[in-house]
Amino acid sequence: MKKLHVVGRSRSRVSNHYRQALSEFPFIKKELVRRAVVVCHRLADVDAYCSAYGIANILRRINKGISVSILTPGGLSIPAKRVRDKYPIKLYKKTDFANVDLIVVVDTGNLELLGDFIEPLVRSKSMKVFVDHHPLSSSIVGVADHVILDESVTSASEIIFDLITALNLNFNKKVYQVLLTGVFFDSQHLRLANTRTVKKVSELCVAGASISGTLDLL
């Protein structure tokens, strides 16, 4: 299958090509996705957990009959555990990669960060989509069917919010609060923010997220 690499090159705007690619997620007919797996990097941090949370909600919204499992190799970091306690979603320690239709890997720039899941993921014949803001490694290029990559943003959670916007989806305030938390964590409380980050923070707050709620949690 032809690989699609989507790169947001501008720090001030999102290209039409990038928007178009986002709108094609999950790059497979939605009605054909019966089982999906969302995978975080080893010892998932806050941004990884929040991104996985967002992807799981997106998949369940676009196909109400879908079964979604979230895998966190090695568990969660301590800050991510605090976010999970406040905004829980079921996590799994293992799954049968051979019997899923879609694998979405978030916030993971290198396969080595997937621990024991590397081999079964590589062997799986299911659609593999990587969503990330880290520089793309050759190990990812070798296995990905599609890559949504934007190195100009400070967090994967920002890309998940772009996905929600491109797909014209609406969620309750809780989803936007989780994504805002991911943005604040990886941008070091906006110390690394650029103009796009600030714009997304504003849009998340308009959608119902609270900056004070995120700061209290972190």
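Membrane-span-like helices in the chain, defined here as complete DSSP H runs extending at least 18 Å along the helix axis by their C-alpha atoms with mean Kyte-Doolittle hydropathy no lower than 0.0, are 46-62, 173-186; this is a sequence and geometry rule, not a statement about a membrane. Only protein heavy atoms count here; on that basis, with a 1.4 Å probe, His133 has an accessible area of about 20 Å².
Ordered by 1.4 Å accessible area with all protein chains kept, Leu102, Leu113 run largest first as Leu113, Leu102. Heavy-atom accessible area, probed at 1.4 angstrom with all protein chains present, ranks Leu136, Leu32 as Leu32, Leu136, highest first.
Close amide H pairs (under 5 Å, H built 1.01 Å from N) link Ser67 with Arg35, Ala36, residues at least 5 positions away or on another chain. An ellipsoid equivalent to the stretch 153-208, defined through the eigenvalues of its Cα gyration tensor, has semi-axes of 18, 11, 9 Å when rounded to whole angstrom and sorted largest first. The overall shape of the stretch 114-218 is prolate: from the C-alpha gyration tensor, with semi-axes ordered a ≥ b ≥ c, the ratio a/c is 1.5 or greater and a/b exceeds b/c.
Dividing the mean sequence gap of close Cα pairs (under 8 Å, 6+ apart) by how many residues the chain holds gives a relative contact order of 25 percent. Taking amide hydrogens as placed 1.01 Å from N in the peptide plane, the amide H of Val39 sits under 5 Å from those of Leu71, Val104, Val105, Val106, each at least 5 positions away in sequence or on another chain.
The values are calculated or read from the model by the stated rules, or taken from the named source; none is laboratory data. Model, not experiment: these values are computed from the prediction. Keep in mind that these areas ignore ligands, DNA and RNA; they rest on the heavy atoms of the full protein, side chains included. Shrake-Rupley method; radii C 1.70, N 1.55, O 1.52, S 1.80 Å.
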